[in-house]
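The values are calculated or read from the model by the stated rules, or taken from the named source; none is laboratory data. Here the structure is a predicted model, which means the values were calculated and not measured. Here Cβ is always computed from backbone atoms with ideal geometry, including for glycine, and neighbour counts include all displayed protein chains. Just so you know, the surface numbers come from the protein's heavy atoms only, side chains and all, with ligands and any DNA or RNA stripped out. Shrake-Rupley method; radii C 1.70, N 1.55, O 1.52, S 1.80 Å.
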Amino acid sequence: MLYINCPHCGMRSQNEFSYGGDASVKRPELNKEVSDQEWDDFVYNRKSLRGKHLELWQHISGCRQWIKVERDTATHEIFRTFKADEEVA
Amino acid sequence: MTQTFRIENVGLVNRDKKLSFKFNGKTYYGYEGDTLASALLANGVHLIGRSFKYHRPRGFFGAGVDEPYAIVQLFRNGETEPNIKATEQELFEGLEAKSVNCWPSVNFDIGAINNFLKIFLPAGFYYKTFMWPKSFWYRIYEPFIRKAAGLGVASTKHDNERYEHKYEYCDLLIAGSGPSGLAGAYAAAKNGAKVILAEDKPRFGGSLLTSDVNIGNQSGKDWADGIVAELKTMPNVVVKNRSQIFGYYDHNMLVMSEKVSDHLPSTKKYHPNKRLWYIRAKEVLISSGSIERPIVFGNNDTPGVMLSSAAKEYLKVYGVLVGRKPVVFTNNDSGYETAIEFKKHGVDPVILDSRKNPESEIIDEAKNLGINIKNSYVVVAAQGYKKVKSADIASISEDKKQLGKIENIQCDCICVSGFWTPTIHLASQSGNKTKFKDEIDAFVPGQSKQNEITLGAANGVFSLEETLKTSFTAGSELSKKITENDNKIAIPNVVEKKSSQHDKFWCVPLPKGKNYKRFLDFQNDVAVSDVEIALREGYRSIEHVKRYTTLGMATDQGKTSNLNGLQLVSEIENKVVPAVGHTTFRPPYTPVSIGAIVGREVGKHSKPTRKSPMHSWHEKNNAVFVDAGVWLRPRYYKRGNENLFEGSKREAKNVRMNVGVCDVTTLGKIDVKGPDAAELLNRVYTNSWLKLPVGKARYGVMLREDGIVMDDGTTTRISENHYHMTTTTAQAANVLSHLEYYLQLVWPELNVNVVSTTEQWAGAAIAGPKSRDLLQKLFPNSDVSNEGLPFMGYMEGDLFGVKARIYRISFSGELAYEVNVESDYGNFMWEKIIEVGEEFNIQPYGTEALSTLRIEMGHVAGSELDGRTIPFDNALEGLVSKKKDFIGKRSLQRSAFIAEDRQRIVGVVPLDKQTSIPEGSHLVKDDKAPLPNPKLGHISASCWSVEYDNPFSLAILKDGKNMIGQKLFAMSPLKNKVIPVEIVSSHYVDPKGERVRS
Ligand SMILES: [Zn+2]
């Protein structure tokens, strides 16, 4: 079970969180013309990469905040975590 | 029967407490502190079962967790448990155990015919033989294999034992209480660190219980007892025996199974049987020691052949002799220690040492005691069927290829030592890439992966002095990092005998003309010849060899067999062992009861049970409940002998004729507040929300980004910046997360707050033509006329002094209202509605009537919004705004979603107006078409229409829009039904929707 540092609450076990997928995906702006390809990339296409991955988790049984977690998908090592509005450098 | 193999005044068992127990129906006696194995051996019982594949007689091979043979079926307090190691099971008064793998009895076993058939079951036998013909599998092969094989029988009864889970955090977790674990724990505890020390055996001390050493002028055991006693007094230390750390998971999470009650005749009141600990440790010290490995020779699975360390443990811990004429077969000094213990207790052993001329203090001691030592000698084969009777021995050449003339010597046990294998399972599970250490012919942990350090014998260090030094230091250093204390501990002086180099020898060659089985894996009956076959057939990867031969795949996970298997593969392949590599160690290290893993979450406790505030009223009024997600809801209120069909029909009819009341508390409710609340709703729902006035409700549908309907419900504008959103019961949690996602991540600029209020409000739906009359009586001071409270209107009212919210919304299709009050007043509200409603012939109605009412009205619910349908499919396209953008809108342009023959909701009526159509039935054109019959759609929901008194169903049907009036067949192979049907409009009752507005 992973041990995730919620930027709002501190270290908490994985069973307090739910997974939210790739954090690098940006939703196209509302009311903007979007090509089929752009939309498919947004809705369906994911890299599913091995290695360092920026992903979303929600602290669902805690503060309910969505957070960003930088994790290695192969080793499960967590490097950093960020608040939803924090810039990832 | 007396314990003829027990010697007086030796061992740690309690001679004052005699215990009786039964094995295979026969009564024996042992002592408190015995294991089942030691008690049986004290009584001279060596035959305990039959092997897995060949049904060869099985005895005891080890004395603990490494035991591959001695697996029994245990009976305790009316329960039975399979797969129990006799070497681990502590004796208690009245214990009963039986052999497994034998039929009809352990002494006469039909399956042993496998052994005498000339054709042994070689590697891959099951793969090769039982594959063809396919039809034989279920009828012949599987029943045969099931009867013949297996390690016991799981109980089919409900398990009355209780199992607990516990979460714990500590600075330092220590796996194993041998010298290394005790030293590490003591040093860390003295520095104030929070320490958990776990020992899988009942007794602490590990190797110190049996080794002949001195620490700080005390015997090793006394030193260990002293340390444990002191640790137990320290508030920062948890000391646990009977507790096996069996898994090392991510982020230093380890799981430990504590056997709380297995050593007792029955579990004490309020105690669990087992407790599973999830431990998050800052640092982990692995001091799991090492396991002696066997040397491979002919018939080395005969009862009476066992590890020399086990023989020593039975003697020193339990005061039990495993034989009176022992042969000790060794390639290192450990065998001598066992022989010395035998000799000290009046038994004359013979030592066969594969080494030519070894010299050490230990060997000198054996010589001084006058023990018969034969150098460059090996056991070629054990003789005897159910018990060792003699040993074929021979001298061996220095290159270990040539055997001398075979001699036969009488003996009753063969104690074998092929040196020591560090127990690296936990380190390996942690992700540590292990490395091969040539000096000890075994793998040891390499670079630490997580915060773990492996010390002592588990790290391939067999000197006590060095183990204590490194472990005290590690305990101090690791704890200093955490507590910043630095209490120096004097390392005690150690007296131990120095040993000499072991012989790199692991397998006795076959003598010419002999065809002995030489076993590598004792539990799965994998012999040298099986591995040879696998390699001859082209298997190369050790992982493949393992699966093909089942080497190391049994419940003992190859604790005694892995390394010898690797040695064999490396020899045949002409590679070094590290190049062959070892198979992956996976948790659990030892078998763990399913009960312990499940914990308390069984039966009713497997999920929370949520009840509405009106639950006790429902109970008192004969409600039959149904699980709705985590909620319990009344399905119908039973009157007399009514069944579900009759009861729900009565309730639904009463709604259509008079008035009914339904508990709708379970609906999800979300408060949406803030100046941008309308904008959020406008983006989340498919329809327009910017112009909804205060005091009005609106029905809305929300989509996922892929265009699929996520949920539906009404949302009411309570005040300027305050909306009350409702969701379906099932989707309440998901919808809240969904809103939070967009507010926090996608549109953080929106000034809106959302919070669940599901539990804050109790809800009652009042539906039927007389509902307005009832409402007026409930709220005499409010104007609830069609003008005062029109369809989709909202007002607050005073319900006999209780503040209530009144929504004019309808799911039943009738004139209807929903009244909400704060949860604490829910029951009050309900009773008032029933009381006042009496004159209007009110009846409560359950979920079944609720479904009937919505189905015949063509209102969609979860069975249509099933995660596969878009608004069009549910005839909801009228709610999809063309002007504004919203979540999922762009997906609705996908070609499949705008196809001409897109699936759509329809009504379905059986032609005979009699036969109910099972939900899930397929709609097909031709009921006689060959399988697979092309499916045009499926029945999503069925009811008995109370309006027309015939069956009616909803279906999602391909090209549904153009199918009205068509005749099809509803086929349900599960129910073996083929029903001719006609497709009709989904709005079966009141298609213009006049009633809700009346
Ligand atoms: Zn949090």
Worksheet entry | Candidate set from the stretch B:220-257 (those that are out of contact with any helix residue (DSSP H, G or I) (no Cβ under 8 Å at 6 or more places or on another chain) and part of a strand (DSSP E or B)); member that is nearest to B:Pro591 (Cα to Cα) | B:Phe246
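So that you can scan it fast, the table gives a plain yes or no per residue for (1) among the hydroxyl-bearing types (Ser, Thr, Tyr); (2) closer than 17 Å to B:Asn682 by Cβ:
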| site | (1), (2) |
| --- | --- |
| B:Gly707 | no, no |
| B:Gly713 | no, yes |
| B:Ser719 | yes, no |
| B:Asn734 | no, no |
| B:His738 | no, yes |
| B:Val752 | no, yes |
| B:Ala762 | no, no |
| B:Tyr794 | yes, no |
Worksheet item: Among the strands (runs of 3 or more DSSP E) contained in the stretch B:401-473, which hold 3 or more residues that are closer than 23 Å to B:Asp503 by Cα and in contact (Cβ under 8 Å) with a residue 60 or more places away in the chain?
Response: B:413-417, B:420-422
Discussion item. Between A:Leu30, A:Leu2, A:Leu56, which is within 16 Å of the ligand (Cβ to nearest atom), more than 21 Å from B:Ala733 (Cα to Cα) and either surrounded by 14 or more Cβ atoms within 10 Å (Cβ to Cβ) or of a type in the set (Phe, Trp, Tyr) (or both)?
Written reply: A:Leu2
Response to the item:
Of all strands (runs of 3 or more DSSP E) fully inside the stretch B:793-848, the set with 1 or more residues that are under 25 Å from B:Ala628 (Cα atoms) and under 49 Å from the mean Cα position of the chain (by Cα) is B:802-807, B:816-822
Worksheet, complete the sentence: Scanning the stretch A:7-17 residue by residue, those near the ligand (Cβ under 8 Å from one of its atoms) and touching a Phe, Trp or Tyr at 6+ places or on another chain (Cβ under 8 Å) turn out to be A:Pro7, A:Arg12
Item to complete: Enumerate the helices (runs of 4 or more DSSP H) found wholly within the stretch B:567-624, keeping only those where 2 or more residues are modelled with pLDDT of 90 or more and open to solvent by 20 Å² or more (accessible area, probe 1.4 Å).
Response: B:594-598, B:615-620
Fill in: Per-region count, the stretch B:62-97, residues of a type in the set (Asp, Glu), within 17 Å of B:Ala39 (Cα to Cα) and open to solvent by 10 Å² or more (accessible area, probe 1.4 Å)
4
Item to complete: Those residues that are within 16 Å of B:Thr467 (Cβ to Cβ) and touching a Ser or Thr at 6+ places or on another chain (Cβ under 8 Å), I need them from the stretch B:209-234; list them, please.
Response: B:Thr210, B:Val213, B:Gly220, B:Ala224
Worksheet item: Out of the stretch B:686-735, which residues are surrounded by 22 or more Cβ atoms within 10 Å (Cβ to Cβ) and basic (Lys, Arg)?
Response: B:Arg717
Discussion item. Quick test for you: out of B:Ile409, B:Ile453, B:Ile393, pick the one residue that is of a type in the set (A, V, I, L, M, F, W, C) and surrounded by fewer than 18 Cβ atoms within 10 Å (Cβ to Cβ).
Written reply: B:Ile409
Worksheet item: Which one of B:Asp901, B:Asp927, B:Asp912 is in a loop (DSSP other than H, G, I, E, B), away from chain A (no Cβ under 14 Å) and open to solvent by less than 50 Å² (accessible area, probe 1.4 Å)?
Response: B:Asp927
Discussion item. Whether any residue in the stretch B:509-525 is crowded, with 24+ Cβ neighbours inside 10 Å, outside any loop (DSSP other than H, G, I, E, B) and charged (D, E, K, R) is what I want to check.
Written reply: yes
Worksheet, complete the sentence: Going through the stretch B:258-295 in order, the residues found to be assigned to a loop (DSSP other than H, G, I, E, B), hydroxyl-bearing (Ser, Thr, Tyr) and touching a residue at least 12 places away in the same chain (Cβ under 8 Å) are B:Ser261, B:Ser266, B:Thr267, B:Ser287, B:Ser288
Fill in: Residues of the stretch B:268-292 satisfying the condition of being farther than 26 Å from B:Ser207 by Cβ, open to solvent by 30 Å² or more (accessible area, probe 1.4 Å) and more than 13 Å from chain A (Cβ to nearest Cβ)
B:Lys268, B:Lys269, B:Tyr270, B:His271, B:Arg275
Fill in: Residues of the stretch B:203-250 satisfying the condition of being at positive phi and open to solvent by 40 Å² or more (accessible area, probe 1.4 Å)
B:Asn217, B:Arg242
Practice prompt. Filter the stretch B:767-796 for residues that are in contact with a helix residue (DSSP H, G or I) (Cβ under 6 Å, 6 or more places away or on another chain), open to solvent by less than 30 Å² (accessible area, probe 1.4 Å) and touching a residue at least 40 places away in the same chain (Cβ under 8 Å) and give the result.
Written response: B:Ala767, B:Gly768, B:Leu774, B:Leu778
Worksheet, complete the sentence: Restricting attention to the stretch B:364-390, the residues that are part of a helix (DSSP H, G or I), open to solvent by less than 40 Å² (accessible area, probe 1.4 Å) and of a type outside the set (Gly, Ala, Ser) number exactly 0
Worksheet, complete the sentence: Selection over the stretch A:59-89 where residues are more than 12 Å from A:Cys6 (Cβ to Cβ) and either crowded, with 16+ Cβ neighbours inside 10 Å or more than 16 Å from the ligand (Cβ to nearest atom) (or both) yields a count of 12
Discussion item. Show the residue pairs meeting these rules: Cβ distance below 8 Å; 6+ apart or different chains; first residue within the stretch A:16-37 and on the phi > 0 side of the Ramachandran plot; second residue surrounded by 13 or more Cβ atoms within 10 Å (Cβ to Cβ).
Written reply: A:Gly21/A:Glu55; A:Gly21/A:Leu56; A:Asn31/B:Lys884; A:Asn31/B:Asp885
Item to complete: Taking the options B:Leu74, B:Leu12, name whichever one is outside the structural domain of B:Val305 (by TED's automatic domain parsing) and part of a strand (DSSP E or B).
Response: B:Leu74
